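Here the structure is laid out as structure tokens; the discussion comes afterwards.
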Amino acid sequence: MSAPPATRAEVCVAACAALFAGDGEILASPMGLIPSLGARLARLTGEPDLLLSDGEAHLLGTDGEVEGWLPYRRVFDVVASGRRHVVMGANQLDRHGNQNISCIGPHDRPTRQLLGVRGAPGNTVNHRTSYWVPRHSPRVFVPAVDAVSGVGHDRGFHHVHRVVTNLAVLDFGGPDHTMRLLSTHPGVAVEEVRAQTGFELVVEGAGVTRVPTERELGLLRAELDPQARRDREVP
Ligand code: F8G
């Protein structure tokens, strides 16, 4: 008997795993559950050399065994070396890939104080950066961010790779490295993505996001997330 079809959360995990395709032996730094499951799935499938951190002081295998020592201060050396791929969250993102996790409203009198820029500027100028957005909406995808935390393509020479959301996968292959729709998840219409994006999106040539294979679904359901926590993040 074949397994139940992939859920939206599982499509998102596989899309996050695909972010790391071709990365080789670098440090994966996924923020949040779905990107973390994606990184571990990538390591178990196409990217066996990917280094996974517990976010504190150790490198871990996919089943949690300690493989190495990576204290917090050393993370900065890895960032500077460029051998890292971070998947960050975003309160706001614009079409150039500028990200805001700092504040909402004017910088001198914000209506909401958020996380602060954190490691975002250093990440975006030093190494590959992707974003995970669990609720694709015009509140997140804005014409201009209120503060720049992660630096976009219009502000420097670097690589903002892709954005994975609950609806779609996007990259920066539009004119002048602007945001482009790569694929919509199965069951999502291009028009829905357009309606949930607060700026004009390049949509020509967009396909449908790959559905995880039976092997990937097996790993995800039996080993990586047997309690299906993924379904709570993306219903
Ligand atoms: C809004 C909006 C919006 C939110 N428009 N309003 C309102 C209008 C909302 C709520 C309120 C709060 C290298 C490295 C680092 C390090 C080192 C090493 C990093 C340097 C490690 C430590 C460090 C950065 C990593 C992330 C962020 C992960 C998420 C969050 C989120 C949600 C950010 C998306 N658009 N938005 N509001 N960090 N987190 O109505 O109002 O504001 O809203 O890499 O750190 O320092 O550097 O954020 O927001 O990647 O992804 O989930 O704060 O939870 O609660 O929704 O309800 O209070 O009225 P949140 P939320 P109210 S790399």
Only one of (1) within 30 Å of Asp176 (Cβ to Cβ); (2) within 15 Å of the ligand (Cβ to nearest atom); (3) under 13 Å from the mean Cα position of the chain (by Cα); (4) open to solvent by less than 60 Å² (accessible area, probe 1.4 Å) is not met by Ile26, so which one is it?
-> (3)
Restricting attention to the stretch 79-93, which residues are in contact with a Phe, Trp or Tyr (Cβ under 8 Å, 6 or more places away or on another chain) and surrounded by fewer than 22 Cβ atoms within 10 Å (Cβ to Cβ)?
-> Gly89
Pairs, first over 17 Å from Asn166 (Cβ atoms) in the stretch 206-235, second assigned to a loop (DSSP other than H, G, I, E, B) and among the hydroxyl-bearing types (Ser, Thr, Tyr), C-beta under 9 Å, six or more apart | Thr213/Thr45; Glu214/Ser2; Arg215/Thr45; Glu216/Thr45; Leu219/Thr45; Leu219/Thr62; Glu223/Thr62; Leu224/Thr62
Collect the residues in the stretch 54-73 that are near the ligand (Cβ under 10 Å from one of its atoms) and surrounded by 11 or more Cβ atoms within 10 Å (Cβ to Cβ), keeping them in residue-number order.
-> Gly55
Positions within the stretch 204-216 being buried (at least 18 other Cβ atoms within 10 Å of the Cβ) and over 17 Å from Glu47 (Cα atoms), in sequence order | Ala206, Thr209
Mind checking whether some residue in the stretch 146-165 is aliphatic (A, V, I, L, M), more than 21 Å from Thr209 (Cα to Cα), touching a Leu at 6+ places or on another chain (Cβ under 7 Å) and open to solvent by 20 Å² or more (accessible area, probe 1.4 Å)?
-> no
Options Ala17, Ala39; residue that is in contact with a Leu (Cβ under 8 Å, 6 or more places away or on another chain), open to solvent by less than 40 Å² (accessible area, probe 1.4 Å), more than 16 Å from the ligand (Cβ to nearest atom) and not aromatic (Phe, Trp, Tyr) | Ala17
Of all the residues that make up the stretch 138-154, how many are within 9 Å of the ligand (Cβ to nearest atom) and either within 16 Å of the chain's Cα centre (by Cα) or under 15 Å from Asp171 (Cβ atoms) (or both)?
-> 3
Taking the condition touching a helix residue (DSSP H, G or I) at 6+ places or on another chain (Cβ under 6 Å) and either charged (D, E, K, R) or open to solvent by 50 Å² or more (accessible area, probe 1.4 Å) (or both), does His177 pass?
-> yes
Any chance you could count how many residues in the stretch 101-118 are within 8 Å of the ligand (Cβ to nearest atom) and either touching a Cys at 6+ places or on another chain (Cβ under 7 Å) or over 19 Å from Gly150 (Cβ atoms) (or both)?
-> 3
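The values are calculated or read from the model by the stated rules, or taken from the named source; none is laboratory data. Since this is a predicted model, take the numbers as computed values, not measurements. Neighbour counts run over all protein chains shown; Cβ positions are idealised from the backbone, glycine included. Only protein heavy atoms, including side chains, enter the accessible area calculation; ligands, DNA and RNA are left aside. Shrake-Rupley method; radii C 1.70, N 1.55, O 1.52, S 1.80 Å.
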